[in-house]
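Before any comments, here is the structure.
What follows is calculated from the coordinates using simple rules that are stated; it is not laboratory data. Please read these numbers as outputs of a predicted model, since none were measured by experiment. Backbone-built Cβ (ideal geometry, glycine too); neighbour counts: all protein chains shown.
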Amino acid sequence: MRNEPRNNGRIIEQEKALVMAKIISDHMKTLNSYKYQVNSPFPIHLAFGHEKLAACVALKRKSGDKYILTHRNIHFNLALSSEEDINKLLDESMVKETGINNGVYGCMTMRNQKAGIVYTSSILGNNLSVGLGVASTLDKDNAVWIQMGDGSIEEGSFCEGMIFAKARKLRVILIIENNNWSLGSSIKERRNKFDLKKFAESIGCGYSLSLKNSSIGTMLEVISNARLNSLNEPQIVEVILQTEGGNIDSRRGYVSYHHGIVKERTE
Amino acid sequence: MRQIDNIASSIADYAFKTNASVMGQNLFKPSYISGLGKYLVKEDGITPLKSNYFDTTNSELTSVGYGIGRMIENNNTILVVKQQDFLFLAIDQLINSLVNIIDIPSRDLGTFTIICMISDWPYEGTQARSNHISLFESLCNHLRTYYCHDEKIFEHTLNQSNKGVRIIFLSSEYTYERTPAKYKWQDFSNNIVATSIEDKTPIVNILVGFVPRRELRTCSNNAVAIIEIGSKDLLISIINAIEKYWETKNVTVNFIEASTSKTSASYELAWKLSKSISLFKHISVRTLPVGTRENIALINQNTSEQ
């Protein structure tokens with residue numbers, strides 16, 4: 001009985017996260033439907049399959065935190081922004097002047113500054129060091145969330161940046177969205193395995209893992225702990241997920257379609 | 001005080017005044033990056049005066065990105081780099097990141113200053129031949145860069161209230177206070193175009209050098225001073241300078257530059273010129289390297305401010 005309020009609180013938070021994820025998904029479906037319009041700026045990098053992650057980060061953030069994103073940023077932009085900015089985000093994805101960045105950045109480098117998203121880059125590995133610089137300017141209770149992928153950790157800047165982050169004791173949380181794909185090649189096709197946990201431990205950074213199809217409760221807990229621990233040392237959170245919108249190649253089987261555009265939404 | 005001491009003092013004063021973070025690889029030991037960091041430490045000669053003065057890891061790319069991130073958040077940073085060719089490791093940040101934020105109003109930015117000790121001295125072997133500002137500028141012509149061969153010019157440049165990124169290249173010749181050996185005149189026209197130079201062929205001397213940016217200069221005596229190597233109008237300026245000789249169909253173009261490097265501006269310009277000009281039957285191109293002091297003297301003698 002004593003645990004009831006806490007459990008209720010957790011359940012409410014989980015429900016909030018699921019509702020938020022659904023809203024993010026619905027907005028992306030709207031964008032997805034635009035792809036056949038005349039003069040459509042597609043391909044736009046959608047993030048079906050990443051919604052829950054974005055919702056968890058949004059729910060566990062602290063006021064004053066900053067965010068550094070990649071080209072697949074739509075889910076974080078939607079999750080972190082207020083309701084009044086949603087249409088501007090969709091417009092920006094369509095490169096319209098009414099967009100959140102006046103159509104200047106488009107979908108690949110879109111950033112809602114009001115939501116704390118200060119930098120977005122479409123160059124793999126480019127955003128990490130910029131995020132470290134931002135982290136050095138924050139109050140001691142705040143942290144920077146840096147989005148990366150399983151492809152960008154192959155860049156030299158990743159190792160260099162993490163060593164720097166630890167040396168400077170920067171409060172950063174790296175969200176590594178591991179969807180197994182870099183453009184059209186899977187991890188197995190292009191390289192050996194890279195044990196992020198061992199790497200993090202070897203340089204004295206924290207590591208946590210969210211498996212594919214983790215429950216929303218588990219994901220919330222992982223993100224929350226990472227945020228808390230980031231005040232002591234840099235954190236790497238590896239999130240295994242599947243970016244939807246792939247197709248079936250007769251020779252290779254399922255291939256993730258880089259842009260995440262779906263023909264039919266798979267539930 | 002030596003020239004380098006005055007430059008180091010300017011850095012320390014500026015950092016204190018602007019609350020800038022100062023960083024570099026081996027900034028405090030063993031030799032303060034040629035002395036540039038010597039006034040950033042306490043009396044023990046090792047402990048930084050402030051916690052935001054620090055030795056970085058070997059991470060040129062990350063260091064530059066770090067400075068850019070701080071700049072975005074309206075914070076000031078100084079990065080001290082020993083050799084200009086190290087900065088090529090940071091090209092992704094210097095080009096991609098800065099282009100990515102190009103629409104942020106400068107008033108909202110802090111100042112990120114990169115100070116480079118060696119920029120015109122190709123010592124330490126063949127690899128160091130890429131220590132040449134023109135090569136850097138040809139890649140990063142969107143950057144605000146300065147070349148300071150004098151402590152007063154350096155102090156003035158450093159204390160300008162610029163926002164955004166700026167790179168200050170120091171002249172090794174001046175800061176090390178050494179005189180380069182005289183180089184022989186090189187003629188590489190064999191590699192480019194026709195080699196014959198007739199006695200009466202008009203000669204156009206093009207002085208390739210660096211003066212503070214936005215300082216326009218005009219020339220006489222068939223000389224053109226190049227002040228912004230990265231300018232897209234540069235080649236057009238040169239062509240305009242030699243176009244008046246098209247009736248003769250022959251011209252010799254001498255590029256006079258303070259460099260022996262095959263990556264110098266002269267080589268690049270000469271190649272482009274030979275590929276782009278079609279008015280001339282023969283065009284011979286030579287580079288005539290001189291020392292920095294001599295180069296600057298020639299520019300000052302043969303040009304005047306507009």
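Does the range A:1-146 come out rounded, prolate or oblate, given a ≥ b ≥ c as the square roots of the eigenvalues of its C-alpha gyration tensor, rounded meaning a/c under 1.5 and, failing that, prolate meaning a/b above b/c?
oblate
Compute the distribution of all C-alpha to C-alpha distances in the range A:35-84, in bins of 5 Å from 0, and list the percent of pairs in each, rounded to whole numbers.
It works out to 4, 18, 25, 22, 16, 8, 5, 3, 0, in whole percents.
Sorted by packing (mean other beta-carbon atoms within 10 Å per residue), highest first, where do B:93-100, A:82-89, B:61-68 land?
On the way: B:93-100: 19.9, A:82-89: 14.5, B:61-68: 29.2.
Averaged packing, sorted descending, gives the order B:61-68, B:93-100, A:82-89.
Quantify how strongly other chains surround peptide A:201-207 by giving the mean number of their Cβ atoms within 10 Å of each of its Cβ atoms.
Numbers: counts 0, 0, 0, 0, 0, 0, 0.
Other-chain Cβ atoms within 10 Å of each residue's Cβ, averaged: 0.
Can you pull a Stokes-Einstein diffusion coefficient for the range A:152-201 at 4 °C (1.567 mPa s), Rh from Kirkwood over Cα pairs, as a whole number of µm²/s? Intermediate results must be reported in sequence, preceding the final value.
Numbers: Rh = 12.3 Å.
Diffusion coefficient, whole number: 105 µm²/s.
Once a ≥ b ≥ c are taken as the square roots of the eigenvalues of the Cα gyration tensor of chain A, is the result rounded (a/c under 1.5), prolate (a/b larger than b/c) or oblate (a/b not larger than b/c)? It would help to have the intermediate numbers written out before the result.
On the way: a/c = 1.30, a/b = 1.20, b/c = 1.09.
Taking the square roots of the gyration eigenvalues as a ≥ b ≥ c, chain A is rounded.
What net charge do the residues around B:L89 carry, taking every other residue with its C-beta under 14 Å from that of B:L89, with Lys and Arg at +1 and Asp and Glu at -1?
Values: positive: B:K82; negative: A:E155, A:E160, B:E60, B:D85, B:D92.
After counting each charged neighbour, the total is -4.
Going down the table (A:K169/B:K42; A:K62/A:K198; B:K17/B:K50; A:K16/A:K140; A:K60/A:K140), which pairs top 21 Å between alpha carbons? Each step should come with its number before you reach the end.
Values: A:K169/B:K42 23 Å; A:K62/A:K198 28 Å; B:K17/B:K50 13 Å; A:K16/A:K140 28 Å; A:K60/A:K140 17 Å.
Result: A:K169/B:K42; A:K62/A:K198; A:K16/A:K140 exceed 21 Å.
Over chain A, what is the mean sequence separation of C-alpha contacts under 8 Å (at least six apart), divided by residue count, expressed as relative contact order in percent? Mind showing how you got there, number by number?
Numbers: 508 pairs, mean separation 49.3, N = 267.
With pairs under 8 Å counted, the relative contact order is 18 percent.
List B:C148, A:C159, B:C140, A:C107 from most exposed to least, where exposure is judged by having the fewest other Cβ atoms within 10 Å. Walk me through the numbers on the way to the answer.
Numbers: B:C148 23, A:C159 16, B:C140 20, A:C107 27.
In order of increasing Cβ crowding within 10 Å: A:C159, B:C140, B:C148, A:C107.
What is the local net charge at B:G37, summed over the other residues whose Cβ is closer than 13 Å to its Cβ (Lys, Arg +1; Asp, Glu -1)? Write down the numbers at each step before the final one.
Values: positive: B:K29, B:K38, B:K42, B:K50, B:K82; negative: B:D5, B:D55.
Neighbour charge sum, excluding B:G37 itself: +3.
Farthest toward the dipole's positive end in the range A:86-183, which of A:M110, A:I173, A:A135, given Cβ charges of +1 (Lys, Arg) and -1 (Asp, Glu) about the Cα centre?
The one lying farthest along the dipole's positive direction is A:A135.
Quick one: putting +1 on the C-beta of Lys and Arg, -1 on the C-beta of Asp and Glu, what dipole do you get for the range A:1-117 around its Cα centre, in Debye to the nearest 20? Before the final figure, lay out the partial values.
Numbers: 17 positive and 12 negative charges, 91 e Å.
Dipole about the Cα centre, nearest 20: 440 debye.
Residue by residue through A:133-142, how many Cβ atoms from other chains fall within 10 Å of the Cβ on average?
Details: counts 18, 8, 4, 9, 10, 1, 0, 0, 0, 0.
Mean shielding count: 5.
Just checking the output field for A:161-170: average partner chain Cβ neighbours within 10 Å of each residue's Cβ? Could you put the intermediate results ahead of the total?
Details: counts 6, 1, 4, 9, 2, 1, 5, 7, 0, 1.
Partner Cβ neighbours, averaged per residue: 4.
Normalised by the residues of the range A:158-234, what does the relative contact order come to in percent, with Cα pairs under 8 Å and at least six apart? Spell out each step's value before the answer.
On the way: 53 pairs, mean separation 36.0, N = 77.
Computed value for the range A:158-234: 47 percent relative contact order.
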